Amino acid sequence: MTAAAIDLAVIGGTGVYAFPGLEHPERIDASTRWGAPSSAIVIGEVNGKRVAFLARHGELHTFAPHHVNYRANIDALHELGVRRVVGVNAVGGIRDDMGPRVLAVPDQLIDYTHRVSSFCDAEGEAVLHVEFGEPYAESLRRALLDAAHRAGVDVVDGGCYGATQGPRLETRAEIARMRRDGCDLVGMTGMPEAVLARERGMEYACIAVVANWAAGCGPDPDAPISLAEIHAHLAAATGHVPAIVRALLAH
Ligand code: HPA
């Protein structure tokens, strides 16, 4: 455990492998009962506040969404005393106003993954049935939206994040079903991160960064999704994330 309390942790997704301008950075190679987190946790200062950064896919993007050790990541942050977590997640856009480069702070999710999604994994352990009707911490969501406003970054308030198993992209029929289910965004990493944070009693919110139209969506529904397109949109849109976090910490 490090000296002063950590105000916030940022878990960076695809395209976000470091937090630019983190002052006095210190790298921590944590280990947990569930194994090692995806990367070293870098703790530093922003606006005089202590921030922890973790690269969800590893600093060299070596862990695919279904290979991320979500339990180790959340537990390591919790052990460091982190109580608020912002996950940055690349997504495909389903809803008409959620095209490439849009940023959104979702308020609901549907889990289509088949991943272990609890710390409670052995017989005899206390069984946790956490409240999850509102999967994201509303106070942190509001703080993010206010921060984005102060930073002059346009962000969509709300939306339903559909979490898929990956690593493949979805079929058009799957996305059509997700749309009917009420999903506005689709991504591969939003779960089980959100529920594990809840199990550990941490506030959790997501900044979803739209990298592409989801399969069959957008103005040209027949267009295939290209990785080059995903990376170009992410490179442009994730650039706004540090400004939002800085504004959040300035308050
Ligand atoms: N589907 C799932 N995850 C994603 C997508 C997508 O279209 N784009 C970026 N992450």
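The values are calculated or read from the model by the stated rules, or taken from the named source; none is laboratory data. Every value quoted in this text rests on a predicted model; they were computed, and no experiment measured them. Note that each Cβ is placed from the backbone with ideal geometry, even for glycine, and that neighbours are counted across all protein chains shown.
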Could you count how many residues in region 1-43 are touching an Asp or Glu at 6+ places or on another chain (Cβ under 7 Å), closer than 18 Å to residue 65 by Cβ and surrounded by fewer than 21 Cβ atoms within 10 Å (Cβ to Cβ)? 2
List the residue pairs whose Cβ atoms are under 9 Å apart, where the first residue sits in region 184-206 and is touching a residue at least 12 places away in the same chain (Cβ under 8 Å) and within 18 Å of residue 129 (Cβ to Cβ), the second is among the β-branched types (Val, Ile, Thr) and within 12 Å of the ligand (Cβ to nearest atom), and the two are 6 or more positions apart or on different chains. 191/113; 192/113
Does region 145-189 hold any residues that are over 15 Å from the mean Cα position of the chain (by Cα), assigned to a strand (DSSP E or B) and either at pLDDT below 95 or of a type outside the set (D, E, K, R) (or both), and which are they? 156
Looking across region 202-236 at residues that are away from the ligand (no atom under 13 Å from the Cβ) and in contact with a strand residue (DSSP E or B) (Cβ under 7 Å, 6 or more places away or on another chain), the single one that is nearest to residue 179 (Cα to Cα) is 207
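Do the conditions hold for residue 199, that is, is it of a type in the set (D, E, K, R), under 18 Å from residue 116 (Cβ atoms), at pLDDT 95 or above and more than 10 Å from the ligand (Cβ to nearest atom)?
yes
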Mind counting the residues in region 50-89 that are within 24 Å of residue 237 (Cα to Cα) and either touching a strand residue (DSSP E or B) at 6+ places or on another chain (Cβ under 6 Å) or small (Gly, Ala, Ser) (or both)? 14
Kindly provide the set of residues from region 190-216 that are buried (at least 23 other Cβ atoms within 10 Å of the Cβ), part of a loop (DSSP other than H, G, I, E, B) and out of contact with any Gly (no Cβ under 6 Å at 6 or more places or on another chain), ordered by number. 190, 191
